[in-house]
Amino acid sequence: MSYFLTHLASGWHVDQAILSEEDRVVVLRFGHDYDETCMLMDETLFGIAERVKNFAVIYLVDTTQVPDFNKMYELYDPCTVMFFYRNKHIMIDLGTGNNNKINWAIEGKQEMIDIIETIYRGASKGRGLVISPKDYSTRYRY
């Protein structure tokens, strides 16, 4: 599904996407189109793109083609999703300890919509860290 979503081809394009968006959350998926985790995440992102277009815009960034952000954002996982609002990185507390990004595939479309909507509502109020609607910690799973 990644070929339906907009790819950003250089670091300049990524910067411009983050800088130019004033009213919507910029969702960036860093990874590779051929990676299995990214394929699952891309399918979810494509499925929700039309429903979240009023408050979010989704872009894909290949970490090999655009290595500019790999060290800065610590992009060592096969698939990473990060959120920006008005040129500011928005962190989300998912209960996993890493508040900077999502580094696994979320297959539930409504789950992802809820996360993006929570980020939009919190960021538009000026918050830099928002709390996820669902706790993804594994401490209670047996």
query = Looking at this model, which pairs from 71/101; 71/125; 101/134 are more than 22 angstrom apart at the alpha-carbon?
reply = 71/125
Length added when fully stretched, residue 23-residue 54, from 0.36 nm per residue minus Cα-Cα = 10.3 nm
key: Positive minus negative residues near residue 15 (Lys, Arg vs Asp, Glu; Cβ under 12 Å)   = -2
message = If I take R0 = 30 Å and measure r between the Cβ atoms of residue 129 and residue 39 in this structure, what FRET efficiency does the formula 1/(1 + (r/R0)^6) give, to the nearest 0.05?
response = 0.55
request  = Mind checking segment 39-142 for trypsin sites (Lys or Arg not before Pro) that DSSP puts in a loop (not H, G, I, E or B) and that have at most 15 other Cβ atoms within 10 Å?
outcome  = 51, 53, 71, 125, 127, 134, 139, 141
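What Kirkwood hydrodynamic radius do you get for the chain when you take the inverse of the mean 1/r over all pairs of distinct Cα atoms, in Å?
Here the Kirkwood hydrodynamic radius works out to 15.1 Å.
May I ask for the net charge around residue 24, where only other residues with Cβ less than 11 Å from the Cβ of residue 24 are counted and Lys, Arg are +1 while Asp, Glu are -1?
Numbers: positive: 53, 86; negative: 21, 22, 23.
Neighbour charge sum, excluding residue 24 itself: -1.
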query = Which GluC sites (Glu not before Pro) from segment 40-142 combine a DSSP loop assignment with at most 16 other Cβ atoms within 10 Å?
reply = 50, 74, 107
key: Label-to-label distance, nm, for residues given as residue 138 and residue 104 (7 Å Cα→Cβ offset)   = 0.6 nm
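Each reported figure results from applying straightforward, stated rules to the coordinates on display, with no laboratory input. Keep in mind the model is a prediction, meaning the values are calculated, not measured. Cβ: placed from backbone, ideal geometry, glycine included. Neighbour counts: every protein chain shown.
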